[in-house]
Each structure stands twice: as structure tokens, then as C-alpha cells.
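Read through the structure below, which is laid out as C-alpha cells, and then see the notes.
Where a number appears in this text, it was derived from the coordinates with a stated rule and is not lab data. Here the structure is a predicted model, which is why all the values come from computation and not from measurement. As a convention, Cβ positions derive from the backbone with ideal geometry for all residues, glycine included, and neighbour counts pool all protein chains shown.
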Amino acid sequence: MKAMVLGVGAIGSVTAQCLAGSEEFDKVILGARNPEKGKRLEKKIGSDKVSVVKLDASDVSAMTKAFKGLDLVCNLAIPRFNFEIMEACEKAKVNYLDTAWDIAIDKTPPGGVVEPAPPSFLYLKKDAAWKKLGIMGMLGIGCDPGLSNLFARKGADKMDSVKEILIRDGDNGFVEGYDFAPLWSPETLIEEVLMPATYFKDGKYRKYGSFENKETFDFPDGVGKVPIYNVAHEESETLGTYIGEVLGKGCQYTDFKIALGDEYVDAIKMIGKLGLDNPNKIKVKDVSVAPRDVVNAVLPDPSTLGHLARGQCAIGAVVKGKKDGKDSGYYGWTSLDHKKCFDQWNNSATAWSVGVPAAIGAILFAQGKIGMKGVFPPEMMDPDPFIKMLPKFGMNYKEKKL
Ligand SMILES: NC(=O)c1ccc[n+]([C@@H]2O[C@H](COP(=O)([O-])OP(=O)(O)OC[C@H]3O[C@@H](n4cnc5c(N)ncnc54)[C@H](OP(=O)(O)O)[C@@H]3O)[C@@H](O)[C@H]2O)c1
């Protein structure tokens, strides 16, 4: 099969490396805005299956041309371009997957109800049209979203009804030599942490303020007790509907919390207070520049930091509900050590844990094990084939009964 990995940053690098090493893909084309960066990745992977094309994810007609004849496009650029990339996939009739979507387009204030629906549904409403076209749109298949949704489904499958799903992302990692250096798309991280956080309660998607509901969560596998906060995230935009209504488990509450060290919280709050997250261009002396692009430019490129990352991460889902009339609960998670991951796979755990599930989604699709058409979130897939393939890439799934 032929795939394009569009976006050759931290995550795209991992997915491309995994696909190039798989039996299922004989051609892996790197779609790079900056072909030099694509060439560097091609060299790093060192496989004759890999080639590079210059491609801008904002250019629908160039993408449509480039996608023709492919079996799958893995969108690993930034979420701002998902609509354009999906439009090109529709025109070229090519299957699609991504690991994130543009949650920032929703402007509901803290305390508000998201009406009529969160951004996820702008993509998901393409379902019927994509089924008609006979193509697949697998949304949000990274670590979280991605494995987190699949682990939530795994827990929900063990219960007759679900009361709540809590996605918990724990990481005590740091980058040696840097005070502030995100290990994945800095602009996406800053954006999602500063915006109001979506949660689902009693059939409606709602908003908390940013950095609300701080608590300590005791994560397993070396992460330990760390502060976590509600943050805007994709899982909170689908699990309530898909596990609750589509799969009929009746879920009443979902939210997402992430571990953020105090220094990170202070730095991101300061970026917000100073307006340095502004995506619109302002005039600075003789140039016009968006403050957000300046912040992005001064931060190190996440795809170059893997060898300096230390610490552990554990990402998972707590699912509570009822089984045979009794209270039931499961916590399912995956964990990685940043240094061990880099030593074995030449990538940071952050990038590896996101790029691998995307690659597994692509491989399962190529094997015919995911035959679904239309546009769907991860929880609509059987989690077991994913969980079974994780160890092949040095990843794990662990579970405990609560
Ligand atoms: N589900 C999850 O668990 C999860 C976790 C982390 C990240 N993600 C998602 O993964 C995606 C990639 O993140 P990352 O960490 O790899 O970020 P990154 O290292 O910043 O890489 C993003 C890549 O997108 C490319 N890009 C940006 N605009 C483009 C355009 N117009 N045309 C073509 N390419 C463009 C960038 O090109 P340049 O190299 O030229 O800048 C860069 O190579 C993002 O959507 C992010 O939200 C998902």
C-alpha cells in the first residue's frame, strides 16, 4: 500500500518510521512544507520505500493532485489544516487519519454550554458523505486522543452502563538544558491549555475555565503524584456521545485532566497574559508578525529534543459504571520512560506514544482489520487489535480494577 505522511514534525517522524518498517506499506511519501526537513527525515529513516514531496497543507488543489493514487493520508501536520486536508482526501477519494482536530474554533466561554455541538462534530458530520464515497476518516488516533479513547471503550465494554469517563494524562518529564521546551507542537499545547476546557455532563458539552479543578493524581509506573488540571481536549468532545449514546452505555460525565508542572503553568499563563498566544499578525517596527509564530520560533523544535527528555509518562482512562447491578470501575493505561524510549527507538516517549498508534491504525487498515468507512472517533473501533500490536513497538497496556 501507498501512504503519505503529511507533516514531518515530532509525530510525523515516528509514524513515517513505523510505516517504512512495516510489511504492509511499500511506499511512504513524506509531505513536507519544508522539503529540506523532509529530506533529513528520509535520511534518518534510511529506507528506499521513503520519498519526499513539497506540499503545503493549506493548498487543497496541490494536495488533491498529490493524494491521487494513494491508499491513505496520515495527517500529522497541525490541526488548523484538517478541513483542507480532508477536502483534498474527498476530492482524491483517499482514506484519511489524523491525531488531533481544531478544538480552538469553539469560542464558548467558561460556564457555557457548547451549542449546537463541539468542533468534533464538524468533522464527524462528514460521516454519511464519506461512507458514500467509500473512504475512511479515522479521527484522533494518537495517544490522547487515540489510545485514551480505546482504553475508555475497553473499560466501557466490561460494564452494562457507564457513569463517568475520566481521561488522565500524567507526565513528570523534562528536557535537560531547557526551562521550557514542549515535546510536541508548542503552539497546540499553549493554545489548548489556555482555552476553556470542554467536559460532558448530563447530555451536554460544557466549559470549565482554563487551569480549573486542580487536584493531585497518583499515576503509576514511576510518574507518581502530580498536579493535574482540566484542559480542552478531543476526548471530551466525543466520548459522551459515542460511548453514551451510539454504543448505548448512557455515560453521564466525561472530562480530561493533564499533569502540568508549576513552572509550565506559570510560563503558559504568562504567555497568555502578555498576548503572546495571539495568532493574528501585528506590526513590529518594519515587519508584520503573529506573536504566536514568534513564540513557536524561539522554542526548540520538538522533533530535535528526544535525546534530552527524561522522566516517565502514563496516559489512561478511568471508567466507572455498573455491572450486574453493582458498582464497577477500571483504570486502563499505557506508560513509557522517556530515556529508555529514546535509547530503543530514537524518539521521545511523547512523540513515540502518539506516532505509534497512528501507525498501528494505518497498519490495521492496510491489513483489512479496520474495514469501517465514514468518519469516526477511536472509540468506535475494537480496542483489542490496537492493544495487541502495542508491544511490537515497545508500548504496553495495563489495567486495574477499581
Ligand atoms: N493525539 C495525540 O496524542 C497527540 C499528541 C501530540 C500531538 N498531536 C498532534 O500531532 C500533530 C503533529 O504534532 P507534532 O508534535 O508533530 O508537531 P510539530 O513537531 O510542530 O510538527 C508539525 C509539523 O506540521 C508541519 N506543518 C505545519 N503547517 C504546515 C503546512 N501548512 N503544510 C505542511 N506541513 C505543515 C510542520 O512543518 P514545518 O516543519 O515546516 O514547521 C511540522 O513538520 C498535531 O496535530 C498535534 O496536535 C496529537
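What share of Cα pairs, in percent, lie more than 19 angstrom apart in region 330-402? Intermediate results must be reported in sequence, preceding the final value.
Values: 1062 of 2628 pairs.
Taking all Cα-Cα pairs of region 330-402, the fraction more than 19 Å apart is 40 percent.
Remark on N347: its backbone amide H falls under 5 Å from those of F342, a criterion applied only to residues 5 or more positions apart or on other chains, H modelled at 1.01 Å from N. With a threshold of 32 Å on the Cα-Cα distance, the over-threshold entries among K39/K68; K257/K388; K65/K125; K49/K158; K65/K392; K257/K340 are K49/K158; K65/K392.
What's the longest uninterrupted piece of the chain once you rule out the trypsin sites (Lys or Arg not before Pro) that are loop residues per DSSP with at most 10 other Cβ within 10 Å? Don't skip to the end; give the middle numbers.
Working: sites that count: K107, K285.
It works out to 108-284.
Highest-first packing order for the peptide set 169-176, 297-304 is 169-176, 297-304, based on the mean count of other beta carbon atoms within 10 Å.
Spatially, region 135-208 and region 59-89 are offset by 24 Å when compared through their Cα centroids. Per-residue 3J(HN,Hα) values for region 32-45, derived from phi via the Karplus relation 6.51 cos²θ - 1.76 cosθ + 1.60 with θ = phi - 60°, read 10, 5, 10, x, 4, 5, x, 5, 5, 5, 4, 5, 4, 6 Hz in sequence order (x marks Gly and Pro).
Mind checking the full-extension length gain between L276 and A62? Use 0.36 nm per residue of separation minus the Cα-Cα distance, one decimal, nm.
Working: separation 214, 0.36 × 214 = 77.04 nm, distance 3.20 nm.
73.8 nm is the gain from fully extending L276 to A62.
Reported value for region 244-402: 205 Å³ per residue, from the convex hull of its C-alpha atoms.
Within straight-line reach of K285, meaning a Cα separation under 28 Å, sit the following lysines at least 8 residues removed in sequence or on another chain: K269, K273.
Where Lys and Arg each count +1 and Asp and Glu each count -1, what net charge lies around A156 among other residues with Cβ under 9 Å from its Cβ? The partial results should precede the final answer.
On the way: positive: R153, K154, K158, K249; negative: D157, E379.
My count for the surroundings of A156 gives +2.
Amide H contacts under 5 Å for F219: G224, K225, V226, restricted to partners 5 or more places along the chain or on a different chain, H placed in the peptide plane at 1.01 Å from N.
Applying the Karplus relation 6.51 cos²θ - 1.76 cosθ + 1.60 with θ = phi - 60° to region 266-276 yields 3J(HN,Hα) values of 4, 5, 5, 4, 5, 4, x, 4, 7, x, 7 Hz, where x marks Gly and Pro. Is the shape of the chain best called rounded, prolate or oblate, per the rule: a/c under 1.5 gives rounded, else a/b larger than b/c gives prolate, else oblate, with a ≥ b ≥ c the square roots of the Cα gyration tensor eigenvalues? Verdict is rounded for the chain.
Can you give the net charge of the other residues whose Cβ lies under 11 Å from the Cβ of P196, counting K and R as +1 and D and E as -1?
Numbers: positive: K107, R206, K207; negative: D106, E192, E212.
Spelling it out: positives minus negatives among the neighbours equals 0.
Amide H contacts under 5 Å for V52: L30, restricted to partners 5 or more places along the chain or on a different chain, H placed in the peptide plane at 1.01 Å from N.
Here each label is just a point 7 Å from Cα along the line to Cβ, and for D324 and Q344 those points are 3.7 nm apart. Per q in 0.23 1/Å, what log10 I(q)/I(0) does a Debye calculation on the alpha-carbon atoms of region 2-98 return? Log-scaled intensity ratios, in q order: -1.16.
Net charge near F217, counting Lys/Arg +1 and Asp/Glu -1 over other residues with Cβ under 12 Å of its Cβ?
Numbers: positive: R168, K214, K225, K257; negative: D169, D171, E215, D218.
Result for the neighbourhood of F217: 0.
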